[in-house]
1. Consider the range 78-94. How many of its residues are part of a loop (DSSP other than H, G, I, E, B) and over 19 Å from residue 319 (Cα atoms)?
2. Taking residue 185 as the residue in question, decide whether it is in contact (Cβ under 8 Å) with a residue 40 or more places away in the chain, buried (at least 21 other Cβ atoms within 10 Å of the Cβ) and touching a Leu at 6+ places or on another chain (Cβ under 7 Å).
3. What pairs can you find where one residue is in the range 261-273 and more than 11 Å from residue 295 (Cα to Cα), the other is among the hydrophobic types (A, V, I, L, M, F, W, C) and part of a helix (DSSP H, G or I), and their Cβ atoms are less than 6 Å apart, with a gap of 6+ or different chains?
4. Could you tell me which of the residues 214, 205 is within 16 Å of the ligand (Cβ to nearest atom), within 23 Å of the chain's Cα centre (by Cα) and either of a type in the set (A, V, I, L, M, F, W, C) or modelled with pLDDT of 95 or more (or both)?
5. How do the pairs read when you match residues in the range 328-344 that are within 22 Å of residue 89 (Cβ to Cβ) with residues anywhere that are β-branched (Val, Ile, Thr) and in a helix (DSSP H, G or I), using Cβ under 9 Å and keeping only pairs 6 or more apart or on different chains?
6. List pairs: first in the range 407-425 and in a loop (DSSP other than H, G, I, E, B), second within 13 Å of the ligand (Cβ to nearest atom) and charged (D, E, K, R), Cβ under 7 Å, 6+ apart or cross-chain?
7. Within the range 416-431, track down each residue that is near the ligand (Cβ under 10 Å from one of its atoms) and either surrounded by fewer than 17 Cβ atoms within 10 Å (Cβ to Cβ) or at pLDDT 95 or above (or both).
Amino acid sequence: MNYKSYQEIRADLESRRITVSQIVSHHLSIINDQNDRLNAFLEVFEQESLKQALLIDDKLRQGNAGRLAGLVLGIKDLFCFKDHVVTCSSKILEGFVSQITATAVQRLIDEDAIIIGRQNCDEFAMGSSNENSAFGVVKNGANSKKVPGGSSGGSAVAVQTNMCQISLGSDTGGSVRQPAAFCGIVGFKPTYSRISRYGLTAYSSSFDCVGILSKSVSDAELILEIIGGLDQNDSTSSTLEIPHFSLLPREQKKYKLAYFPEIIQSEGIDSSIVQMLNSTIDQLKDEGHTIEEVSFPYLEYLLPTYYILTSAEASANLSRFDGVRYGYRDQNISDLESMYKKSRTNGFGSEVLRRIMLGTFVLSSSYHDAFYTKAQKVRRRIKDYTEDVLSRYDFIVSPTTATVAFNIDTKTKDPIQMYLSDLFTVQASVAGIPAISIPAGLDANGMPMGLQIMSGKFEEQKLFNFCKEIEQNHFV
Ligand code: GLN
């Protein structure tokens, strides 16, 4: 029972070949079998999801089930789900119970999707390998010596190994696309503001996006259609209508694509990844698409811009975790100041502490202009340049990552090396545009590779349309 898309599940449910209870039990049996080894789920809502399954089976019999009846999903441990624990994989929130449900989660539940559990991730979504969780490393299902990518690593492995059909993750600089590429699944980040961030714990508010990890492009499309759109609880959510993507006719269009030669020449890129990109480009040309080289002069500015701005925002967002109102409070304290210091020092892990320090530094009055203001200006340059390219081309293609999944424990000592894993994904985040990673075959050692496609703002429909074509014709 390994369905590529929800459409297939729905067909089997309608024809009574299967029940929702059977689907849930099947995922639970894989979780019980594999989770101790892979550490993808921090908590499994076993009884609750079985109970829900019975109710939804009833609804199906009565003909009034929602649009996602039988869809089983996991949520990254960054989403609030009322009366359930949310920790952001951090000791500072250990045992904290949500008082609200994130809008994205609620909209899925309203359509009868079932939440099967809470998934491991890098602490507060900071990381590229899922080694920064206070609750242990997540392992790649294709090879358990390798990282799954991050920060939505647990969410990616859960879909990769069929512990659930889809996962809800978050993508600030690549946290959905990069683990999707490392695990051989689809990872989608929408236009910034397309999906409400209400109930998603903030890391860097001007970059954070709810993202979707799935086995097919059509599932990403269906889920966006259901969770996207205006939300009164998030004033930054876009007022633009979400089209009924999944009902629109597929177009067989010939597109105009750009790629950046600087990416192929970048240091440390795997030869198998260069080969994958080159052969994809050749095949796309054969299929009648136009694909041209466009120079991208800002490659070396991407990571500094991203890390300065996100760390600045993180240092502000994470100031709420101070041991006063909720979360971890150190017991060994003498006064208010030592309570703050010790609770924060001992509650956060080392990567989160590094970002808070860095962020506070770039915002400090003496360095504000030199770093923060400058990075804002560079962000604008990158955004304008990217938008200009996308006004002349339908899409920009690149590999999602420069390498396949690396061995556990090889980059944790060197943050710069770790940050380089995000080189190709942060552009879409800096520019606020949609981007997707789709599975692009395996390298010689059997490790998955990902192809990234970026489109203009709010052009998700066109992006899905093209990706379905690639999914069908390439890498099969
Ligand atoms: N790896 C990047 C970081 O650590 C991206 C994280 C994310 O998208 N949440 O910031």
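1. Adding up the residues that qualify gives 4.
2. yes
3. 264/274
4. Going through 214, 205 in turn, the sole match is 205.
5. Taking only residues 6 or more apart or on different chains, the pairs are 328/92; 330/345; 343/92; 344/92; 344/356.
6. Listed pairs, sorted by first residue: 408/131; 412/131; 425/177.
7. 425, 426, 429
Matching residues to (1) in a loop (DSSP other than H, G, I, E, B); (2) exposed (fewer than 14 other Cβ atoms within 10 Å of the Cβ); (3) among the β-branched types (Val, Ile, Thr):
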{"position": "11", "(1), (2), (3)": "no, yes, no"}
{"position": "26", "(1), (2), (3)": "no, no, no"}
{"position": "30", "(1), (2), (3)": "no, no, yes"}
{"position": "33", "(1), (2), (3)": "no, yes, no"}
{"position": "36", "(1), (2), (3)": "no, yes, no"}
{"position": "50", "(1), (2), (3)": "no, no, no"}
{"position": "60", "(1), (2), (3)": "no, no, no"}
{"position": "67", "(1), (2), (3)": "yes, no, no"}
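The values are calculated or read from the model by the stated rules, or taken from the named source; none is laboratory data. It should be emphasised that the depicted structure is a prediction, and the values quoted were computed from it without experimental measurement. Note that each Cβ is placed from the backbone with ideal geometry, even for glycine, and that neighbours are counted across all protein chains shown.
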